[in-house]
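Below is one structure, written out as structure tokens; the observations come after it.
The values are calculated or read from the model by the stated rules, or taken from the named source; none is laboratory data. Bear in mind that the values here come from a model prediction, so they are computed numbers and not experimental data. Quick reminder, even Gly has a Cβ in these numbers, built from the backbone with ideal geometry, and neighbours come from all protein chains shown. All accessible areas refer to the heavy atoms of the entire protein, side chains included, with ligands and DNA or RNA removed. Shrake-Rupley method; radii C 1.70, N 1.55, O 1.52, S 1.80 Å.
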Amino acid sequence: MPLLDRKLLRDLRSLKTQALAVALVMACGLAMMITTRSLMLSLTAARDGYYRENRFAQVFARLKRAPNAVREQLAAIPGVATVETGLALQVTLDVPGLAEPATGLFNSLPERGAPVLNRPYLRAGRLPEAQSGGALAELAVGEAFAEAHGLRPGDTVSAVLNGRKQKFLLTGIVLSPEFIFEAPPGAALPDNKTYGVFWAPYKELATAFQLYGGFNSVALTLAPDVAEEAVLAAVDRLLAPYGGRGTYGRNNHPSDRRLTDELRVLKALSFAFPLVFLSVAAFMVNSVMARQVALQREQIAMLKACGFSNAQVGAHYLKFALVIVAGGVVLGTAGGLFLGGKFVDLYHIFFRFPALRFQPDLPALGTAAAASALAALAGVAGAVQRAVQLPPAEAMRPEAPASYRPAWFERLRIARWLGPSSRMALRNIRRRPARSALTCLALALATGILILPNAMRDGIAHVLDFQWDVVQRQTVTVMLAEPQAARVLADFQHLPGVVLAEPFRSVPVELRSGPQVRRLALQGLPARGSLDRVIDGHPAQLTLPERGLIISAKLAEVLHVQPGDPLTIRPLEGEARDLVVPLAGLADDFAGVAAYMELGAVNRLLLEGDRVNGAHLTVAAGEWDTFLRALKATPQIAGCYVKNSLREGFRATTAESIGLLQKMYATFAAIVAFGIIYNSARISLSERARELATLRVLGFTRREVGAVLVGELVLLTLSALPLGLLVGTQLARAIVTTVSTETVRLPLVLTTANYAFAVAVVATASALSAWLAARKIAGLDLAGALKALD
Amino acid sequence: MPPTAEAIHSPGSAGAPHRAPVFEVRGLARVFGEGTAAVTALAGVDLDLFAGELIVLLGASGSGKSTLLNQLGGLDSPTQGTLRYRGWNLGVADEAALTQFRRNAVGFVFQAYNLIPSLTARENVALITEICRDPMTPEAALDLVGLGARLDHFPAQLSGGEQQRVAIARAIAKRPEVLLCDEPTGALDVKTGITVLEAIERINGELGTLAVIITHNAILADMADRVFTLSDGRIVNARTNAHRGSVRDLAW
């Protein structure tokens, strides 16, 4: 090994803690980047492969019922490449071990051959086959539901099909590209206990629902380079007479959209945060190296005097920085791969793929490593250049003493009460404004980073408590298989334990404002109900007007409309025509997008008299079990959502992912705070060793000298904390806005506890690192302070 | 020529013959390192130093004079022998006690001044007057060294001689019993050196402070009450000046 390299290793050893601090900060940024980029790659690759292999459709449509002959007409639409038709029906399930009824979406398997599109992937067992005679009908179950209930091929489940309870034998466990995100329609998070997807032979399903010879679900693929809009319109026109409930492309497919939203969030996280960490690391490399070069001034002069070239000397110090970068890259890669693996496991709760393998994004890793190296080199370049440009004779002499001036604020009256230690601290900050500002900024960023995950946690708590206690006050929502006359409400009111029942009418509609179009379920509710309430941003309950529509604020944003603007409603079922209504108000909600109208107004729109599709109920706690038994025995019920089950599912799934995020951010922020303070204290100690040793010789105690050393850092930390709270607030706002999608939104909730936690972590990390650095005061060379400089 | 017992143990002209010594040094040894790597810096020094004396320590570099000064100033502890300050065994004192000793009893003057660059002249002195028991005001201390007019200048705005006089003011503001000066004029030209030495001489005379000066410059010996020459960690020559010369009269 060349002797210069040996010197490098020994110098590094003496700087090991500082080098480690820098490498760790760099590693945080790299880990975050590798984690998010790799997750994006893993999800995209898994999705694309799955879509291709299992032929995920591009266009989807639902309708009431059309004869199978319409299939040929669909295939004849210009641009349509493949057509698959079938049945998709919502049924109520009776699952052993589950008190409340669960909801199942039953999909049909073709009578002959395998499905052409949206092919199920068989995880275990076999696909169900049509049975004749008295044999038990067969059924395949989606993996998420099967896992939630521990179902295996050979088990049986009961379902109510068209009012008749029937027993099924489970033959297999299945996944489908249509249900990567397996959640009830409109739900932001899966609820695998009470909602599942199933596959049954066409014949049995069709027979049970008296739909044999027809279909109610369409999937299409398009020929290359075909405009989707034209096909959507043609399919809509064709299916309208058959009770068409709307045609949509992949961008409106609930599962695909949820996945796309997730990728968008990852993309937002993969850039901003790593950049922050890498910038902080570059600054730290710069300060460490600038100090190192200043300390080794005489050595550099000696090397040059002995005939080493500027390039050799420069390369020596650049290597110094590169070793630190290498350490950061190794740690960051390991951390990124570890975290990526953890998140992939977590994604299994939300997204079901035949195989979601963690794929490290190597090009991103390369880019990140190169960016770190460049940042570090940029940090070192200035210091090295100054060193190599000095003529050796001059470099042999010690650097001129630092010159100070009083800071401007010392002219203020208050400055008279400042002690010498405070003056030293203030003047040191004043003398190095850029370095002080960057240290302060880095600490502020560390504080800000801590605020983010807790803001997300508090936002979720807010959604849980506010949305589900203030907005939705029902115990359970029951849905009818088909709309019925409003008098059915009386039947619900007579179920045991029911305290209050309020009806709703839900109908798929298309909302249009100029070129902006969205399809969703329009909710018809009582004008001022006391169960499922429409709440604005204040929050106050809104009264649904006789004329006009209230929609989610997010939907208004998507449609570019404001209250007072006209909106065109086009019902996607029944005989009704388009209706233009004013936008009457905005609702503040957090999951999915919704549109609300007064129940009577919806019925007038649909021209079908007083009808409802279900009801929101409050049930007395003491009679809950009796109620559920009665509910399971009510045949016209197609499904129900129990609020507390949804809430529990929400808590279990998001709590885990937010918990992991929170730990990650807290660790990273603590590392940055610790690294920055430790590094600053060590550099300060090194620069002022003689000054501090002099103070010790003059009779200052270790504690007093420690106070002089950390005084500057305490001032910087104190000014960084309020700035950090500001940074964190903006950061949380930016991230909440970025992750705010049409499927999931979070309110920006910032609590005092959150701010206090961030301040406490940064202050503790700072204090701890300052203490560690101040311990080095014991090692100051007191006798050396007496010696002359030359 | 071995030193005479009388020169080592008796006060010079300034000291009254029967007072107790400030420092009582017996068989003082300091060895750095161990085994074959051991370096003996002091190899048995005997010395009594009295209040009001001005002592000059001469010797080549490596002779042990700085090590001796460090021992007297409570910066280091001896390997062997005893070192008593006012009867108190300094050689076995702990870190905290040594800090208190330096804080209240000793004033240091360094060759490189060692001023805090971020503090003005007045503040550099005030830094010390704030922590000791019975200080004079920073202004009075600076007046004593003739710097009453440059109170609010930062070190970088002062000449070398001025900086050293600030350092002396800082050392004497606490009214120390001992003033230890390590090559105080080493970094100065002759003219500035004289003003600095005059300041030391004046403090020694007016405040009765025991002053110990380390120097390479044998000419300074004439301003001392007693002069010790060190070599290889031992006192090889001790002499008492019958008549102490003033700094102005030295043969520059």
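Could you check what % of the DSSP bridge pairs in segment A:59-255 are antiparallel, to the nearest 5?
75
Quote the Stokes-Einstein diffusion coefficient, in whole µm² s⁻¹, for segment A:565-625, based on the Kirkwood radius over alpha carbon pairs, a temperature of 4 °C and a viscosity of 1.567 mPa s.
The calculation lands on 89 µm²/s.
Just to be sure I understand: if I project the alpha-carbon convex hull of chain B onto a plane and average over all orientations, what area do I get in nm²?
Approximately 13.6 nm², given one-decimal rounding.
What accessible surface, in Å², does a 1.4 Å probe find on B:Asp94, ignoring ligands, DNA and RNA and rounding to the nearest 10?
Counting only protein heavy atoms, the figure is 90 Å².
In units of 2.2 N^0.38 Å, what is the alpha-carbon radius of gyration of chain A?
1.21
Roughly how tilted is helix A:16-53, in degrees to the nearest 10 and between 0 and 90, from the longest Cα axis of chain A?
20
Leaving out ligands, DNA and RNA, and with a 1.4 Å probe, what % of the accessible surface on segment A:59-255 is carbon or sulfur?
Ligands and nucleic acids excluded, carbon and sulfur reach 51 percent.
Under 8 Å for C-alpha pairs, at least 6 residues apart: give me the relative contact order for segment A:105-237, rounded to a whole percent.
Numbers: 203 pairs, mean separation 42.2, N = 133.
Over segment A:105-237, the number comes to 32 percent.
Helix A:362-389 versus the longest principal axis of chain A: what is the Cα-based angle in degrees, 0 to 90, to the nearest 10?
Long axis of A:362-389 versus the principal axis of chain A: about 20 degrees.
Looking at chain B as a GNM with Cα springs under 10 Å, which of B:Ser66, B:Ser77, B:Ser118 has the largest mean-square fluctuation?
Of the options given, B:Ser118 has the highest mean-square fluctuation.
Using only protein heavy atoms and a 1.4 Å probe, report how much of B:Leu68 is accessible, in Å² to the nearest 10.
Per-residue accessible area (B:Leu68): approximately 0 Å².
Can you list the residues of segment A:702-738 whose accessible area drops by at least 20 Å² going from the chain on its own to the full set of protein chains, with a 1.4 Å probe?
By number: A:Arg702, A:Glu704.
Any idea what angle helix A:254-295 forms with the longest principal axis of chain A, computed on alpha-carbon atoms, 0 to 90 degrees, nearest 10?
It is inclined by approximately 0 degrees.
Taking each residue in A:682-690, count the Cβ atoms of any other chain within 10 Å of its Cβ, then average. What number comes out?
1
What trypsin sites (Lys or Arg not before Pro) does segment A:287-353 have in DSSP loop regions with at most 13 other beta carbons within 10 Å?
none
Roughly how many debye, to the nearest 20, is the charge dipole of chain B about its Cα centre, given +1 on each Lys and Arg Cβ, -1 on each Asp and Glu Cβ, and no other charges?
180
Excluding ligands, DNA and RNA, what is the solvent-accessible area per residue of segment B:5-249 at a probe of 1.4 Å, expressed in Å²?
37
Taking a ≥ b ≥ c as the square roots of the eigenvalues of the Cα gyration tensor of segment A:92-224, is the shape rounded (a/c under 1.5), prolate (a/b larger than b/c) or oblate?
rounded
Past the 17 angstrom mark, what percentage of all C-alpha to C-alpha distances in segment A:440-509 do you count?
65
Pairs of alpha-carbon atoms within less than 8 angstrom and 6+ residues apart define the contacts here; what relative contact order does chain B have, in percent?
Details: 556 pairs, mean separation 70.0, N = 252.
Relative contact order, chain B: 28 percent.
Once the Cβ-Cβ distance between A:Val580 and A:Phe757 is put in as r, and R0 is 56 Å, what FRET efficiency do you end up with, to the nearest 0.05?
Efficiency, rounded to the nearest 0.05: 0.65.
Using only the C-alpha atoms of segment A:270-393, find the volume of their convex hull and express it per residue in Å³.
Convex hull volume per residue, Cα atoms: 101 Å³.
Any idea how far apart A:Ala633 and A:Val116 come out in nm if each label point goes 7 Å out from Cα toward Cβ?
4.7
May I ask for the net charge around A:Ser684, where only other residues with Cβ less than 11 Å from the Cβ of A:Ser684 are counted and Lys, Arg are +1 while Asp, Glu are -1?
+3
Can you tell me the alpha carbon radius of gyration of segment A:486-561 divided by the globular rule-of-thumb value 2.2 N^0.38 Å?
1.34
Could you work out how far apart the two model spin labels at A:Arg775 and A:Val499 are, taking each label as a point 7 Å from the Cα in the direction of the beta carbon, and quote it in nm?
6.0
Please average, across the residues of B:92-101, the number of beta carbons from any other chain that are within 10 Å of each residue's own beta carbon, and give a whole number.
For peptide B:92-101, the averaged partner shielding equals 2.
Average partner chain C-beta neighbours within 10 Å, per residue of A:557-565?
0
Rounding to the nearest 20 debye, state how big the charge dipole of segment A:59-255 is about its Cα centre with +1 on each Lys and Arg Cβ and -1 on each Asp and Glu Cβ.
Once rounded to the nearest 20, the dipole reads 420 debye.
Run the simple label-point estimate for A:Ala553 and A:Gln90 please: 7 Å along Cα→C-beta, distance reported in nm.
2.8
I need to check one value: relative contact order of chain A, counting alpha carbon pairs closer than 8 Å and at least 6 residues apart, in percent.
Once normalised by length, the contact order is 18 percent.
I'd like the accessible area for B:Arg248, computed on protein heavy atoms only with a 1.4 Å probe and all protein chains in place. Round to 10 Å², please.
150
Give, as ranges by residue number, the residues of segment A:430-466 whose backbone N falls under 15 Å from the point 7 Å along Cα→Cβ of A:Leu275.
Under cut-off, by backbone N: nothing.
For segment A:549-625 and segment A:175-225, what is the separation of their Cα centres, given in Å?
25
Which percent of the accessible heavy-atom area of segment A:498-619 goes to carbon and sulfur, probe 1.4 angstrom?
The value for segment A:498-619 is 49 percent carbon and sulfur by accessible area.
Any idea what the dipole of the protein assembly as shown comes to, in debye rounded to 20, about its Cα centre with Lys/Arg Cβ at +1 and Asp/Glu Cβ at -1?
Around 940 debye, computed over the protein assembly as shown.
Restricting to bridges with both residues inside the protein assembly as shown, how much of the DSSP beta-bridge set is antiparallel, in percent to the nearest 5? Show your work: numbers first, answer last.
Working: 97 of 137 bridges.
Counting DSSP beta bridges with both partners in the protein assembly as shown, the antiparallel share is about 70 percent.
Which residues belonging to segment B:67-81 lose at least 30 Å² of 1.4 Å-probe accessible area when the assembly is complete, relative to their chain isolated?
Correct list: B:Asn70, B:Leu75.
Pairs A:Lys7/A:Lys304; A:Lys193/A:Lys632; A:Lys342/A:Lys663; A:Lys165/A:Lys643: which are spaced more than 19 Å apart, C-alpha to C-alpha?
Result: A:Lys165/A:Lys643 exceed 19 Å.
With a 1.4 Å probe, how much accessible area is buried between chains A and B, both sides summed, in Å² to the nearest hundred?
Separately minus together, A and B give about 2600 Å² buried.
What FRET efficiency, computed as 1/(1 + (r/R0)^6) with R0 = 30 Å and r the Cβ-Cβ distance, is obtained for A:Ala294 and B:His153, rounded to the nearest 0.05?
In this case the efficiency is close to 0.70.
Given the convex hull over the Cα atoms of segment A:511-639, what projected area results after averaging over all orientations, in nm²?
9.2
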